[in-house]
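Engineer: Can you keep this structure in mind? I'll have questions shortly.
The values are calculated or read from the model by the stated rules, or taken from the named source; none is laboratory data. For clarity, every value in this text was computed on a predicted model and none was experimentally measured. Ideal geometry is used to build each Cβ from the backbone, glycine not excepted, and the neighbour counts take in all protein chains shown.
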Amino acid sequence: MATHPPKMALNFLHWFCQEEYLEEIEGNMVELFEQQYEESPDKARRTFVWNVLLHFRPAFIRPFKIHYTQNHRAMIRHNFLLTFRNFKRYKTSFLINLIGLSSGLACALLIYLWVQDELSVDKFFDKDDRLFQVMQNMHRDDGMETIEATPGLLAKSLKEELPEVVYSVSVIPPTFNASKGVVSVDDVQIKTSGQYVSEDYFKVFSYKLLYGDKSQVLSGKNSMVISENLALKLFKSAENAVGKIIAWKTQEISGLCLISGIFETLPANATNQFDLLLNYAWFEETNPSDGWGSSSPHTYMLLKEDTRPDQFNAKIRDFIKTKDANSDATLFAQRYSDRYLYGSYENGMPAGGRIAYVKLFSIIAVFILAIACVNFMNLSTAKASRRLKEIGIKKAIGANRNSLIFQHLQESTLMAFLSLALAVLLVTLFLPQFNQITGKQLTLHPDSQLILSVLGITLFTGLMAGSYPAFYLSGFQPVAVLKGKLSTTLSGEGLRKGLVIFQFTLSVMLIVSVLIVYQQIELIQSKNLGYEREHVLYFDTENMSNAFASEIKNIPGVLDVGGGNLTPGKALGGTSGISWEGKVPDDNIFFSTLWLSYGLIETLGMEMAQGSSFSENFGSPNQIIFNEKAMEAMGLTDPIGKNVTIGGEERQIVGIVKNFHFESLYEEVKPCALLLAPIHFAPKVSVKIQTGTEKATIKALQKVYQAHNPDLVFDFKFMDDDYQALYAAEQRVSTLSRYFASIAILISCLGLFGLAAFTAERRLKEIGIRKILGASDFGIVRLLSGDFTKMVILAIAIALPLSYFIAQQWLESFAYRIDLQWWYFAGAGLLALLIAWFTVGLQTVKAARVNPVECLRDE
Amino acid sequence: MKAPSLGEFEELVLLTVAAQHDEAYGVSILESLEEKLSKNLNISAIHVALKRMDEKGFVRSHFGGITGERGGRRKRFYVITALGKRVLDQQYAVRTSLYQQIPKISFG
């Protein structure tokens, strides 16, 4: 009879039924099936299935024992032995696999450490989920600006009026004053950063107090709480410090304080770093909070448990309006620990921030791991043809599929763990360099979470990498394998090609990103800012005077000196209260204002477009200079000599300065007014010095400085360094992505190298025959690289549009950005192609030059 | 030792095995029982009954030769054992004696 009972049911029966009864049961059911089939084939099939199901009962189910329980250990030993023999026999592919996977894992590990560190920032507070900061949205002509500063009265009112607020504190952060303060005990002076905080500070922020009680330490107006670190510096020990009197001195506030407590030095992953705390009441004395219109302190609060942030935000949104009807400022609360990663705001809403880099690098880590994994899989499937006979023989002598799967998984997992060992070694070696690039203090200290995730990742990689050969190879029929029938279908060519394409797509995308990030960073670094920042140093001073200035000027090596409130990259204060002849009455141009003394424009080498720089020759010191942007906005023609009124004061326009970038290059140049100020007003002194003799000049400067500012520490900065620091994040991304991209490309190439070697080896006979028939070396190289070329070109075709899209997204955040040139993409593609050709070429040339006799002789 | 018990369905199967002496196998038992009882049975029930009685020692079995039928699977033929026969006899005796105690009343 040509009919057969349903296969699935039959297989199921074979699977569960005891050997002893199988034949009888099967025979009877088949007989019944054949009888019924003549009446109705469908019914016969249904009955058969039903009968099989009815036999699925304890009486007939076979006992489930795993076959290799007894020689379990022997089997594992055997697998290990085979694995090591294979490693020894195919050293090249072993090394390629090992290097590829371990560098991939090492990268992933490093990035993991970095990401963990980023995520841990500010998360160490006990009541982290309830600790919120109040942010203020200011409505400006050109959109909403979100600032941290809030009205000084806010903290108190919030606590009094809203039941959700348990504690709230006002904090004047260390960054509030442009300069740091100085603490002094006897003759020890230390410049340090302090903040003014209200009494409940330690109830909101759970920094650990070593001495003092958290509700008491800040009760006195002149109490001071210092860090353990500072206490050690000042008094050699923390106990000694408590109860001591200490002098505090800043530009605005000076006086004696009593040390009432010591807090543990802040962890490195705290964003707000300070060494001492002072009472906010003291700050308020000199800077009384005048109503709801002005904002200085930051406001933090501890909310009640189960407060829903969205509901709370709706409640405080218009809090200021209820106090001051004229104000259009709105408030919202953001979790304090979120501010590090989500620190950018758009339209008064948190809109990302550093989280973008965290995501970027997480993606890169996944990319690299994927590339390394793909490599491993590719090489394993390629290698498979060498192992085919082994598998065939094993199956023929009775190895079941499970043990073959187990063997391959064990092999790849072992490989993965070997790579992990190497990766850990690599990480320990490169961690110092990595820390230098990222500016972090990462360590590879084994905590349980790290160990678990690393083992998890490794196991996953091993299993993933081993799964394809394990499940694919073990499924072959032993007869076919041993007869050699499978060699054509086995190759898994399609999959392998797909994986290579995938790998190269990722690599090309990385190359393009590196090129573009690098170009953009170059643009920023070398951008002509409109002023010189090289060889210009600046420092704070207290009592600037003409005498001081001229003394500085007399130091050999000093080229120019000037004072002003200009710091590169910092947003400036400003005013819209400038009026001039012909101004449209409701014109509300906002001018950034800079206060400069004579000489600063020269010191910074700013170029004048019209008129001249500030000069004593004009007689009156009421001079003003605008930048070109301001001129455009004001619409004045022939402005030199005209008068404007600013703050009720007449000033004469003496010149127009060419546009310069005083803020970060994320911002566009804004209208700017430069006002002449007497030099003794200037909080910052800039000095341009000669190259070559910097050391001597700075030493001389310090001497002069100490003579004029005996209480302050000479602390100067180079403008160039400051400027570089502005783009530190971009620089880091640029450097890191360059390294990671190189590693990704390296890993991809290792894979390609291995594959090319494999192909060349497999087609050795073909090459021999072709050569005998007269093919040239070059022809064979072309034949062998043709496949790879096609794959790489396809990968490039996929990667370029993708990377174009991503690059555009990234560049949009810069006001001054490079144009995307076609050659970035063409270059990246070409580079990838060249690298691929080179890698493949190494192998194919070797294969092509082989003597045909050598490869055809043996059989 | 008390002889293992014999269930009702098992008894029917055992009777069939005894009746078809040396020619009894799964399908033949099934067909004969279906005809006698005029109802549909499932082959798995027969298999279970045969397996149990084999374990109890009421039947023994041997395989026939391979034929072209049944997809090349051999038949397993069952024969009743002495113990099986004795149990059947006992059962028959019990029933007959019980039956004869029924008073002769009319069921008209």
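Engineer: Looking at (1) within 12 Å of another protein chain (Cβ to nearest Cβ); (2) of a type outside the set (K, R); (3) in contact with a Lys or Arg (Cβ under 8 Å, 6 or more places away or on another chain), which one does B:T81 not meet, given that it meets all the others?
Structural biologist: Only one criterion is unmet by B:T81, namely (1).
Engineer: Which one is modelled with the highest pLDDT, of the residues in the stretch A:282-308 that are in a helix (DSSP H, G or I) and surrounded by fewer than 17 Cβ atoms within 10 Å (Cβ to Cβ)?
Structural biologist: Going through the qualifying residues, I end up with A:E285.
Engineer: Sticking with this structure for a sec: Taking the stretch B:1-58, which residues are part of a loop (DSSP other than H, G, I, E, B), within 12 Å of chain A (Cβ to nearest Cβ) and over 14 Å from B:I80 (Cβ atoms)?
Structural biologist: Result: B:N40, B:L41, B:N42.
Engineer: Right, A:R57: modelled with pLDDT of 80 or more and more than 24 Å from A:R401 (Cβ to Cβ) or not?
Structural biologist: The answer is yes for A:R57.
Engineer: Okay, next question. Return yes or no: is A:T271 closer than 30 Å to A:T322 by Cβ and under 39 Å from the mean Cα position of the chain (by Cα)?
Structural biologist: For A:T271, the condition - closer than 30 Å to A:T322 by Cβ and under 39 Å from the mean Cα position of the chain (by Cα) - is not met.
Engineer: Can you tell me which residues in the stretch A:215-236 are surrounded by fewer than 19 Cβ atoms within 10 Å (Cβ to Cβ), at negative phi and in a loop (DSSP other than H, G, I, E, B)?
Structural biologist: Selection gives A:S215, A:Q216, A:S219, A:G220, A:K221, A:N222.
Engineer: Confirm whether B:R70 is touching a helix residue (DSSP H, G or I) at 6+ places or on another chain (Cβ under 8 Å), more than 19 Å from A:F48 (Cβ to Cβ), among the charged types (D, E, K, R) and within 10 Å of chain A (Cβ to nearest Cβ).
Structural biologist: Taking the combined requirement at face value, the residue does not satisfy it.
Engineer: Among the candidates A:F274, A:F312, which residue alone is surrounded by 17 or more Cβ atoms within 10 Å (Cβ to Cβ) and part of a loop (DSSP other than H, G, I, E, B)?
Structural biologist: Sole residue among the options that is surrounded by 17 or more Cβ atoms within 10 Å (Cβ to Cβ) and part of a loop (DSSP other than H, G, I, E, B): A:F274.
Engineer: Given the options A:L404, A:L341, A:L331, name the one that is buried (at least 19 other Cβ atoms within 10 Å of the Cβ), part of a loop (DSSP other than H, G, I, E, B) and at pLDDT 80 or above.
Structural biologist: Just one listed residue meets the conditions, A:L341.
Engineer: Write out, first by first residue and then by second, each pair whose Cβ atoms fall under 9 Å of each other, whose residues are 6+ apart or on separate chains, and whose first residue, in the stretch A:72-96, is over 19 Å from A:A416 (Cβ atoms) while the second is loosely packed, with under 13 Cβ neighbours inside 10 Å and not hydroxyl-bearing (S, T, Y).
Structural biologist: A:H72/A:I66; A:H78/A:N71
Engineer: If a residue has to be among the basic types (K, R) and either farther than 27 Å from A:L523 by Cα or touching an Asp or Glu at 6+ places or on another chain (Cβ under 9 Å) (or both) to count, how many in the stretch A:788-847 make the cut? Break it down into steps so the answer makes sense when it comes.
Structural biologist: Quick first cut of the stretch A:788-847, residues among the basic types (K, R) only: A:790, A:817, A:846.
With the extra rule that they be either farther than 27 Å from A:L523 by Cα or touching an Asp or Glu at 6+ places or on another chain (Cβ under 9 Å) (or both), the set shrinks to A:790, A:846.
Summing the residues that are among the basic types (K, R) and either farther than 27 Å from A:L523 by Cα or touching an Asp or Glu at 6+ places or on another chain (Cβ under 9 Å) (or both) in the stretch A:788-847 gives 2.
Engineer: Now a separate question. If you go through the stretch B:46-99, how many residues are in contact (Cβ under 8 Å) with a residue 60 or more places away in the chain, within 19 Å of B:I29 (Cα to Cα) and surrounded by fewer than 14 Cβ atoms within 10 Å (Cβ to Cβ)?
Structural biologist: Here is the first cut: in the stretch B:46-99, the ones in contact (Cβ under 8 Å) with a residue 60 or more places away in the chain are B:78-80, B:83-88, B:90-91.
Okay, now just the ones that are also within 19 Å of B:I29 (Cα to Cα), so B:78-80, B:84-85, B:88.
Subsequent filtering for residues that are surrounded by fewer than 14 Cβ atoms within 10 Å (Cβ to Cβ) retains B:85.
Of the residues in the stretch B:46-99, 1 are in contact (Cβ under 8 Å) with a residue 60 or more places away in the chain, within 19 Å of B:I29 (Cα to Cα) and surrounded by fewer than 14 Cβ atoms within 10 Å (Cβ to Cβ).
Engineer: So which residues in the stretch A:1-35 are closer than 20 Å to B:E31 by Cβ, of a type in the set (S, T, N, Q) and more than 7 Å from chain B (Cβ to nearest Cβ)?
Structural biologist: A:Q35, the sole residue that qualifies.
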